[in-house]
């Protein structure tokens, strides 16, 4: 096997850092993706991503004194000019050691609003 055929010799993509401001309950509701196993967040962007891309999320969450660093993986793509007028962007599945704790915090903040209230940026 040549060096170019070895997948370990190919450079890994650099993890992009997504700053997400969710310090407002309505904003958090609009970007939260509870239908993704483990939870997910929508990040509006026109930057090209591929499904499976690994990213880091720097989450500024309601009532949290410090920003939370999370790992994630792109599992949803909304292209520019999509039907329904939704913003272009990506859905990121929350991953890593603190993902379930952050999802619980988000679920508690949004208790009672996940089945009602304003539409989200994805549905």
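Candidates in the range 1-23 are the residues that are within 20 Å of residue 74 (Cβ to Cβ) and in contact with a strand residue (DSSP E or B) (Cβ under 7 Å, 6 or more places away or on another chain); of these, the one that is modelled with the lowest pLDDT is 15.
Considering the conditions (1) loosely packed, with under 12 Cβ neighbours inside 10 Å; (2) closer than 19 Å to residue 97 by Cα; (3) out of contact with any strand residue (DSSP E or B) (no Cβ under 7 Å at 6 or more places or on another chain), residue 64 is excluded by exactly one of them, (1).
Taking the range 72-112 as the range and being without any contact (Cβ under 8 Å) to a residue 24 or more places away in the chain and in contact with a strand residue (DSSP E or B) (Cβ under 8 Å, 6 or more places away or on another chain) as the test, only 73 passes. Among the residues of the range 70-95, those identified as more than 13 Å from the chain's Cα centre (by Cα) and farther than 20 Å from residue 26 by Cα are 79, 80, 81, 82, 83. Please verify whether residue 26 is at pLDDT 95 or above and loosely packed, with under 14 Cβ neighbours inside 10 Å, treating the condition exactly as stated. No. Of everything listed in (1) at pLDDT 95 or above; (2) surrounded by fewer than 18 Cβ atoms within 10 Å (Cβ to Cβ), the single unmet condition for residue 109 is (1). For the range 48-61, the set of residues classified as touching a residue at least 12 places away in the same chain (Cβ under 8 Å), surrounded by fewer than 13 Cβ atoms within 10 Å (Cβ to Cβ) and at negative phi consists of 50, 51, listed by residue number. Scan the range 30-58 for residues that are outside any loop (DSSP other than H, G, I, E, B) and in contact with a helix residue (DSSP H, G or I) (Cβ under 7 Å, 6 or more places away or on another chain) and the total you get is 3.
Within the range 17-29, the only residue that satisfies the criterion of being within 13 Å of residue 89 (Cβ to Cβ) and in contact with a helix residue (DSSP H, G or I) (Cβ under 9 Å, 6 or more places away or on another chain) is 20.
Among the residues of the range 83-91, is any modelled with pLDDT of 95 or more, buried (at least 16 other Cβ atoms within 10 Å of the Cβ) and not in a strand (DSSP E or B)? Among the residues of the range 83-91, not one is modelled with pLDDT of 95 or more, buried (at least 16 other Cβ atoms within 10 Å of the Cβ) and not in a strand (DSSP E or B), which makes the answer no.
The values are calculated or read from the model by the stated rules, or taken from the named source; none is laboratory data. Only a predicted model underlies this, so the values are computations on that prediction, with no experimental measurement involved. In this analysis, Cβ positions are derived from the backbone assuming ideal geometry, glycine residues included, and neighbour counts consider all displayed protein chains.
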